[in-house]
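Single-structure report; data block below.
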Amino acid sequence: MSFDDQSLLGALFGQFDANLVQVENRLGVFISARGEKLQIEGPEDSVARARDTIQAMYDRLAMGQDLDAGAIESLIAMSNEPVLEGIINGELDAPPIMIRTRRKTIVPRSANQIPYMRQLAKDDIIFALGPAGTGKTYLAVAQAVAQLISGSVQRLILSRPAVEAGERLGFLPGDMKEKVDPYLRPLYDALYDCMPPEQVERRLASGEIEIAPIAFMRGRTLADSFIILDEAQNTTREQMKMFLTRFGQNSRMVVCGDPRQVDIPGGDRMSGLADAVTRLEGVEGIAVTRFTAADVVRHPIVGRIVEAYEGKAE
């Protein structure tokens, strides 16, 4: 392989060629670098995947996007798809699939993130099901921030059931807000990653961004809003029906959850998420994306942990 823009090679190879070593270790190939040229040796399929991965890494840098170990791991995983270029850019002649926020431009990092990102841009209600680390909530928050910044929605509402997973809320110090805030922390983290902290604080203070437990949604109609429900597997059927019927004019709603991690009494049978998907899948304007362990975009060991636990559960 050779590359036109030699100024990108330092970032492409990484410090002490760490990025190339990562590709070598994951795909079982040997890569040698001489100037602007790379030589890849190994089994034919592995060499093809390594070539596609490195080309995607170079293209990412050429577009001004970051390249870290997590991004490389995602590109390696996606290199197993039939056409890597199609995974990143979508169909031929279609615009690249991406979400632009003030702090970063987000592109798909797994195969199932592609249809999900399309759904986030066009469908009214989206159910995102799957294990931790697949980008369900993060991408929903990123799309919500993008729409809030562009003015296509007036409010961003993030909600989550304050359900204890082995802990007891009553023993936490502070008032109700202070007890509940730790349960909503992942939503804050995603917000701060997509928007400068001072903007997050200002919009929280003005009410443009609202973060609240699902119990606070009762009796409201949420118009001109982007509404996200996280950890939806821990809602009851009554809570889920209540939440879905808050939907108002010019709004979008995303419901995220992992059906395998139900913490409410009664387990799977009482989960409002599974019940809602069974009833609503196929209804016009409602989309469903199911993620698997293969879509985990955190550290690769997280994917292996998910696979191990899912295998035991079965």
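Here ARG160 fits the description: of a type in the set (Lys, Arg), touching a helix residue (DSSP H, G or I) at 6+ places or on another chain (Cβ under 6 Å) and modelled with pLDDT under 85. The residues of the stretch 103-144 that are open to solvent by 20 Å² or more (accessible area, probe 1.4 Å) and assigned to a loop (DSSP other than H, G, I, E, B), listed by number, are ARG103, LYS104, ARG109, ALA111, ASN112, ASP123, ASP124, ALA132. Based on what the data block shows, is LEU9 open to solvent by less than 50 Å² (accessible area, probe 1.4 Å) and either among the acidic types (Asp, Glu) or in contact with a helix residue (DSSP H, G or I) (Cβ under 6 Å, 6 or more places away or on another chain) (or both)? Criteria not met by LEU9. The sole residue among VAL288, VAL297 that is open to solvent by 10 Å² or more (accessible area, probe 1.4 Å), hydrophobic (A, V, I, L, M, F, W, C) and part of a loop (DSSP other than H, G, I, E, B) is VAL297.
This table checks each residue for (1) in contact with an Asp or Glu (Cβ under 8 Å, 6 or more places away or on another chain); (2) touching a residue at least 40 places away in the same chain (Cβ under 8 Å).
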site: SER7; (1), (2): no, no
site: ALA11; (1), (2): no, yes
site: VAL21; (1), (2): no, no
site: ARG26; (1), (2): yes, yes
site: VAL29; (1), (2): yes, no
site: ALA33; (1), (2): yes, no
site: GLU41; (1), (2): no, no
site: VAL47; (1), (2): yes, no
site: ILE54; (1), (2): no, yes
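Entry remark, the stretch 244-257: residues being under 16 Å from VAL277 (Cα atoms), out of contact with any helix residue (DSSP H, G or I) (no Cβ under 6 Å at 6 or more places or on another chain) and touching a residue at least 40 places away in the same chain (Cβ under 8 Å) number 2 in total.
To keep it simple, each residue is scored yes or no on (1) at pLDDT 85 or above; (2) surrounded by fewer than 20 Cβ atoms within 10 Å (Cβ to Cβ).
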position: CYS194; (1), (2): no, no
position: LEU204; (1), (2): yes, yes
position: ILE209; (1), (2): yes, no
position: PRO213; (1), (2): no, yes
position: PHE216; (1), (2): no, yes
position: ALA223; (1), (2): yes, yes
position: ILE227; (1), (2): yes, no
position: ASP230; (1), (2): yes, no
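Can GLY303 be described as open to solvent by less than 70 Å² (accessible area, probe 1.4 Å), over 17 Å from the mean Cα position of the chain (by Cα) and at pLDDT below 75? Against the criterion (open to solvent by less than 70 Å² (accessible area, probe 1.4 Å), over 17 Å from the mean Cα position of the chain (by Cα) and at pLDDT below 75), GLY303 does not qualify. Of the listed requirements (1) assigned to a strand (DSSP E or B); (2) among the β-branched types (Val, Ile, Thr); (3) touching a Ser or Thr at 6+ places or on another chain (Cβ under 6 Å), ILE31 misses just one: (3).
One residue alone among ALA18, ALA50, ALA77 is touching a Ser or Thr at 6+ places or on another chain (Cβ under 9 Å), open to solvent by less than 70 Å² (accessible area, probe 1.4 Å), modelled with pLDDT of 85 or more and assigned to a helix (DSSP H, G or I), and that residue is ALA50. The set of residues in the stretch 261-281 that are assigned to a helix (DSSP H, G or I) and open to solvent by 40 Å² or more (accessible area, probe 1.4 Å) comprises ASP268, ARG269, MET270, ALA274, THR278, ARG279, LEU280. With respect to VAL254, is the statement that it is among the hydrophobic types (A, V, I, L, M, F, W, C) and either on the phi > 0 side of the Ramachandran plot or open to solvent by 10 Å² or more (accessible area, probe 1.4 Å) (or both) true? The answer is no for VAL254.
The values are calculated or read from the model by the stated rules, or taken from the named source; none is laboratory data. Being a predicted model, the structure only gives us computed values, none of them experimental. No Cβ is skipped: glycine too gets one built from the backbone with ideal geometry, and neighbour counts run over all protein chains shown. When the accessible area is computed, the model is the full protein with side chains, heavy atoms only, and any ligands, DNA or RNA have been set aside. Shrake-Rupley method; radii C 1.70, N 1.55, O 1.52, S 1.80 Å.
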